[in-house]
Amino acid sequence: MNGRRPSPAGWVARGAVMAALAAVVLVVPTLRGSVDVHQYTQAVIYAIIGLSLNVLLGYTGQISLGHQAFVGIGAFTSAYMVTRQGQPFIAGVGMAMIVGGLQALVLGAVSLRVTGLYFALVTLAYGTMAEESLFNIQSLTGGSAGQPAPKPMWFTTDLRYYYLCLAFLAAVIWVDWRLMKTKGGRALLAVRENPRVAATYGADVKVCTLMAFVVAGVFAGIGGALLAHNDTFVVRDLFNFQLALVFVIMTVIGGLRNRTGVVIGSAFFALAGYFFDKLFGHGLSIPGLKVLPKEYVPIVIGPLLLLFTLTRHPGGVGQQIRPVQRWLRGGRFSFKDTRDTEVRVSDVRA
């Protein structure tokens, strides 16, 4: 900031911008129908899943190609607890968090021996195994018929459930922020840059890595549970490899280690099909794309945006919004802060 503080008018302008953003998130859904609010809720849940994957990709440098398994198991666990066991919603979410943390702990132990591409293949195999075996357990998933997952009491409407998911997202962001402020979080970033150097300064590489995996698994479990109850019905076909690719793409495009960027990128991919449908509903016609089902929109536009991100803006959305973030904190607005020296996609450990 060069020692300069914003004028009172500058603070008013910043407050107006923040109020406008808050209105978009909190007020606009009240003006929309239940179908639209359902999509907005999915965007919030995808943001939680993106933050989960950011812990692995951004903080540990490990690529997970089987994240749909973490999310899917969390979804089925919560649905099973509520539907089959008759437990309250919070118990279902809590169990999804526990199961998510445990399965991430197992994969974290594997990551202590293999990293980079080899670990990515391990997660890919785990995701495939979950699809072919775990998701076929009749008592857990309901088989091809699926498993009901009713919304919790007091949050049975789409709008109320949307606000509930916003509360979960705020809690996840706060935990993620606090994690990076702790000694363990700073050690985790040091381990990511160079495990051997970090170890010489007293950082416990194994503990830091396992901690990150458990946190990522817990976040994924929360996202899966919320996703199940948002749809009020969860089926195994949803959690496939295509979904895992979307999770990775949206996190990278959002910007590794930038929470705001990850939230924006994840929300965009959750709403991509919705926007696509809205545009065509207003008469937009693009040759060769009009017949494209909206479910495939994220996986079609995702690689294109990923290529653009890797070649032009390695920091993703987070790199582009950095000047705005700095301005809102009281600094000067300048595009000079869009360098990619802090957040890169190419520095994921290989």
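The values are calculated or read from the model by the stated rules, or taken from the named source; none is laboratory data. None of these values were measured; they are calculated from a predicted model. Cβ placement follows ideal geometry from the backbone for every residue including glycine, while neighbour counts extend to all protein chains displayed. For the accessible areas, the whole protein counts, side chains as well, though only heavy atoms, and no ligand, DNA or RNA atoms are used. Shrake-Rupley method; radii C 1.70, N 1.55, O 1.52, S 1.80 Å.
For the reader, a short list of remarks on this structure follows.
- Every condition in (1) surrounded by fewer than 24 Cβ atoms within 10 Å (Cβ to Cβ); (2) touching a Lys or Arg at 6+ places or on another chain (Cβ under 9 Å) holds for Ala267 except the one numbered (2).
- Residue in segment 216-227 that is within 13 Å of the chain's Cα centre (by Cα), over 24 Å from Pro152 (Cβ atoms) and among the hydrophobic types (A, V, I, L, M, F, W, C) present: yes
- Residue pairs meeting the criteria (Cβ under 7 Å; at least 6 apart or on separate chains; first more than 16 Å from Gln138 (Cβ to Cβ), in segment 72-92; second open to solvent by 60 Å² or more (accessible area, probe 1.4 Å) and among the hydrophobic types (A, V, I, L, M, F, W, C)): Ser78/Met95; Met81/Met95
- Unmet requirement for Leu102, which otherwise passes all of (1) open to solvent by 40 Å² or more (accessible area, probe 1.4 Å); (2) of a type outside the set (Ser, Thr, Tyr); (3) more than 21 Å from the chain's Cα centre (by Cα): (3)
- The single condition from (1) open to solvent by 30 Å² or more (accessible area, probe 1.4 Å); (2) under 30 Å from Val28 (Cβ atoms); (3) of a type in the set (D, E, K, R) that Asp176 fails is (1).
- Whichever residue in segment 132-152 is touching a Ser or Thr at 6+ places or on another chain (Cβ under 7 Å) and buried (at least 18 other Cβ atoms within 10 Å of the Cβ) and, among such residues, is nearest to His67 (Cα to Cα): Phe135
- Number of residues in segment 109-152 that are modelled with pLDDT under 85 and not in a helix (DSSP H, G or I): the value is 7.
- Single match in Phe233, Phe276 (criterion: on the phi < 0 side of the Ramachandran plot and either modelled with pLDDT of 90 or more or in contact with a Leu (Cβ under 9 Å, 6 or more places away or on another chain) (or both)): Phe276
- Test: Thr209 is modelled with pLDDT of 85 or more, surrounded by 15 or more Cβ atoms within 10 Å (Cβ to Cβ) and of a type in the set (S, T, N, Q): no
- Pairing each residue of segment 148-162 that is under 16 Å from Val27 (Cα atoms) and in contact (Cβ under 8 Å) with a residue 40 or more places away in the chain with any residue that is assigned to a loop (DSSP other than H, G, I, E, B) and open to solvent by less than 40 Å² (accessible area, probe 1.4 Å), provided the two are 6+ apart or on different chains, yields C-beta distances under 6 Å for Tyr161/Lys151.
- Just so you know, in segment 189-198 the residues that are free of Cβ contacts under 8 Å to residues at least 24 places away in the same chain and surrounded by 15 or more Cβ atoms within 10 Å (Cβ to Cβ) include one that is nearest to Tyr46 (Cα to Cα), and it is Ala190.
- From the list Arg186, Arg160, the one residue that fits, being open to solvent by 40 Å² or more (accessible area, probe 1.4 Å) and within 25 Å of Gly224 (Cβ to Cβ), is Arg160.
- Selected residue [of a type in the set (Phe, Trp, Tyr) and open to solvent by less than 50 Å² (accessible area, probe 1.4 Å)] from Phe219, Phe155: Phe219
- Within segment 112-131, none of the residues are on the phi > 0 side of the Ramachandran plot and open to solvent by 20 Å² or more (accessible area, probe 1.4 Å).
- Candidates Arg326, Arg257: the one that is in contact with a Phe, Trp or Tyr (Cβ under 8 Å, 6 or more places away or on another chain) and at pLDDT 85 or above is Arg257.
This table checks each residue for (1) surrounded by fewer than 24 Cβ atoms within 10 Å (Cβ to Cβ); (2) part of a helix (DSSP H, G or I).
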site: Gln42; (1), (2): yes, yes
site: Ala47; (1), (2): no, yes
site: Ser64; (1), (2): no, no
site: Phe70; (1), (2): no, yes
site: Phe76; (1), (2): no, yes
site: Leu107; (1), (2): yes, yes
